1. Quick one: which residues, 5+ away or cross-chain, put their amide H under 5 Å from the amide H of Ile151? H built at 1.01 Å from N.
2. Given an 8 Å cut-off on Cα distances and at least 6 residues of separation, report the relative contact order of the range 7-134 as a percent.
3. Just to confirm the filter: which trypsin sites (Lys or Arg not before Pro) across the range 89-173 are DSSP coil and have at most 11 other Cβ within 10 angstrom of their Cβ?
4. Per DSSP helix of 4 or more residues, -39500 (n - 2.57); summed, then divided by the residues of the chain. What does that give at 222 nm, rounded to the nearest 500?
5. Using the alpha-carbon atoms, what tilt in degrees (0 to 90, nearest 10) does helix 89-102 show relative to the longest principal axis of the chain?
6. Please compute one quarter of the surface area of the Cα convex hull for the chain and express it in square nanometres.
7. Please give the helix 180-197 orientation as an angle from the longest Cα principal axis of the chain, in degrees from 0 to 90, rounded to the nearest 10.
8. Net charge around Gly122, counting only other residues with Cβ within less than 11 Å of its Cβ (Lys, Arg = +1; Asp, Glu = -1)?
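Computed from the coordinates by the stated procedures, all read-outs in this text should not be read as laboratory data. Note that the structure is a prediction, hence the values are computed from the model and not measured. With ideal geometry, Cβ positions are generated from the backbone for all residues, glycine too; neighbour counts draw on all protein chains shown.
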Amino acid sequence: MSRPNKHVERSERTRARLMDAARELFMDRGYANVPIEEIVRAAGVTRGALYHQFPGGKEGLFVAVFDQVETEAMAGIAETLAESGVEDPIAGLRAGVDATVGLALDPRLVQLTILDAPAVLGWQAWREAGERYGLGLVRAGLTIAMDAGAIARAPVDPLAQLLLAAVEEAVVYVARADDPESARENATAALHRQLDGLSAA
């Protein structure tokens, strides 16, 4: 029983080292500027080990890193949404919007998730990933607000899709702006006005 366990542990360590190395390199320099040889050298493994862990090679490794980064980012936003929305669901939605748009101020995160991901994953897959990671949070926030009477009752799914699309476009807008901080302030203000328009009051 011990030998398979050791093999699994060794495989998991190899995978983690590859992902850690690739994450740093992709964020620092961009996917196109990082050759496989540099990734395996930074991870201290062989090229064959990379293909064993990620049959899709460099692209498969990028997908895994992207999923890891998105999962971490959404977990942080979910925590913000939960903490801020206890007393006021609209305040929670605003905080979630602010936290999401604020991600666009991190140039390393922008490099991976905004600049590289659409090209590597393809536009459709990138948009689907945004829905996969963000739609549940938006839907949950809207449902809580409706149940509390803070937002007028309406079908949740189309509203969640539209709000998510607006937030995603705001992130791209800020990430590509010449003055990201000013763009963030303007984008979040516009999104807050949209949320205010949903108020049941």
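1. Met146, Ala200
2. Details: 92 pairs, mean separation 32.5, N = 128.
Normalised by residue count, the contact order of the range 7-134 is 25 percent.
3. On the way: sites: Arg94, Arg108, Arg127, Arg132, Arg139, Arg153; in loops: Arg153.
Here the trypsin sites (Lys or Arg not before Pro) that fit, given the DSSP loop and packing criteria, are Arg153.
4. Details: 10 runs with 157 residues, N = 201.
-26000 deg cm²/dmol, from helical runs alone.
5. 40 degrees
6. Working: hull surface 54.5 nm².
Dividing the Cα hull surface by four gives the mean projection, 13.6 nm².
7. 50 degrees
8. Values: positive: Arg127; negative: Glu59, Glu128.
Once all neighbours under 11 Å are counted, the net charge is -1.
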